[in-house]
Amino acid sequence: MTTRLLGKVALVTGAASGIGRAIALRFLAEGASVLMADIDEAGLGALAHEGGEHADFIRCDVTVESDVEAAAQCAVQRFGGLDITVANAGKGTFGLITEHSLESWQEIIDLCLTGVFLTVKHAGRVIRDGGSIINIASLNAIQPAEGMVAYCTAKAGVAMLTRVAAMELGHRQIRVNTIAPGLVETNATSAFWMMPSIVDEFVENTTVGRFAQPNDIANMAVFLASDESSFVSASFFSVDGGATTKRYPDLPGAFARMAETPNS
Ligand SMILES: NC(=O)c1ccc[n+]([C@@H]2O[C@H](COP(=O)([O-])OP(=O)(O)OC[C@H]3O[C@@H](n4cnc5c(N)ncnc54)[C@H](O)[C@@H]3O)[C@@H](O)[C@H]2O)c1
């Protein structure tokens, strides 16, 4: 075990799966105490045996303000304070603008943008001076994707929210940064693996020739959570294997080809 986060207390949202899970487990391995928050209670329960005595769990829907406030308070009560918060919970959807339902738009904006706002708001109230807040956006914060208007818009909003929060919380030496992952193999992207041509296109878009695992993102989160990054704030960190050098894969085309394929 290394100790880059020894004695620190972290809150991670969306911690039951994928990137959030990897970040929470890496923080624990680096010596932090971690409150893992998610709507997936079964997923949190499955993590319990891996978490050990420095882990705790709370059901928290990041779109519900009272849940988020309770999670921030819980971290303080359970572990004596809060030093690190990762606003990670999120998901995408597919829909062309002219076909997009308002309900689906609202759902993604609520989760991916308002959920981050509420997390930064309530963590920002209780986090100790010198703390670190990390918001998980996406490559799609800066690279448009046809069929993903709500997600792209929400993630671009997260990048700006981060910069405003860094300004407002800076007088307490609290740092706020964005991580923008490219394609990561998680539950959220499992549908892509049913369309190998799309994964190939994602990989071709990178300069390093692969997609990411959740730990690739956790590595950046550990750096931003630790004192090694004490002069880093209001910044946007792409962890996408260089994919911003290219155009996002053609999702509408891939879906159309799939629909034309018999027995697909
Ligand atoms: N996987 C990728 O390729 C990728 C790329 C860029 C950005 N991201 C972002 O990374 C973050 C994590 O995604 P992932 O790929 O690990 O997905 P995932 O589906 O594996 O995990 C997301 C977690 O968020 C939880 N969650 C969903 N709604 C919630 C809510 N209202 N309140 C609390 N928790 C909720 C889910 O239960 C789940 O445990 C998301 O913000 C996503 O947009 C993922």
Using +1 on the beta carbon of Lys and Arg, -1 on that of Asp and Glu, and nothing else charged, what's the dipole of region 92-190 about the Cα centre, debye to 20?
620 debye
Share of region 9-260's accessible area from carbon and sulfur, percent, 1.4 Å?
55 percent
Give me the percent of Cα-Cα pairs in the chain that sit more than 36 Å apart, rounded to a whole number.
12 percent
In terms of the charge dipole of region 9-260, which places +1 on Lys and Arg and -1 on Asp and Glu at the beta carbon, the residue among ASN140, LEU224, LEU113 farthest towards the positive end is LEU224
Working out 0.36 nm times the residue gap between SER197 and LYS121, then minus their Cα-Cα distance, what length gain in nm do you get to one decimal?
23.3 nm
Could you compute the FRET efficiency for VAL64 and VAL164, with r as their C-beta to C-beta distance and R0 at 22 Å, rounded to 0.05?
0.45
Subtracting the Cα-Cα distance from 0.36 nm times the residue separation, let me have the gained length for ALA48 to SER235 in nm, one decimal.
64.0 nm
Amide H neighbours of ARG175 under 5 Å, counting only residues 5+ apart in sequence or on other chains, H built in-plane at 1.01 Å?
GLY131, SER132, ILE133
Residues whose modelled amide H sits under 5 Å from the amide H of ALA55, counting only those 5 or more places away in sequence or on another chain, are VAL34
Relative to the first principal axis of the alpha-carbon coordinates of the chain, what is the inclination of helix 65-79, with its axis defined by its Cα atoms, in degrees from 0 to 90 and to the nearest 10?
50 degrees
Put SER66, SER132 in order of accessible area, largest first, probe 1.4 Å, and you get SER66, SER132
Dipole-positive endmost among HIS100, PHE237, ILE23 within region 9-260 (Cβ charges, Cα centre):
PHE237
At the level of C-alpha centres, the distance separating region 172-235 and region 57-113, in angstrom, is 18 Å
Heavy atoms of HIS100 accessible to a 1.4 Å probe, total area in Å² rounded to 10
40 Å²
How tilted is helix 115-126 with respect to the longest principal axis of the chain? Cα atoms for both, answer in degrees (0 to 90, nearest 10).
10 degrees
Computed magnitude of the charge dipole of the chain (debye, nearest 20; Cβ of K, R +1, Cβ of D, E -1):
680 debye
Work out the FRET efficiency for THR245 and GLN77 from their Cβ-Cβ distance, taking R0 = 51 Å, and round it to the nearest 0.05.
0.65
Which of ALA46, ALA137, ALA165 moves the most in a Gaussian network model of the chain with Cα springs under 10 Å?
ALA46
Would you please give the residues with an amide H less than 5 Å from that of VAL86, counting only those at least 5 places away or on a separate chain, with H modeled from the backbone geometry?
LEU11, VAL12, THR13, ILE134
Could you tell me how many degrees, from 0 to 90 and to the nearest 10, lie between the Cα long axis of helix 41-51 and the main elongation axis, the longest principal axis, of the Cα atoms of the chain?
60 degrees
Roughly how many Å² is the accessible area per residue of region 9-260, as a whole number, for a 1.4 Å probe?
43 Å²
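The values are calculated or read from the model by the stated rules, or taken from the named source; none is laboratory data. Everything numeric here is computed off the predicted structure, so don't read it as measured data. Quick reminder, even Gly has a Cβ in these numbers, built from the backbone with ideal geometry, and neighbours come from all protein chains shown. The accessibility values were calculated without ligands, DNA or RNA, using every heavy atom of the protein model including side chains. Shrake-Rupley method; radii C 1.70, N 1.55, O 1.52, S 1.80 Å.
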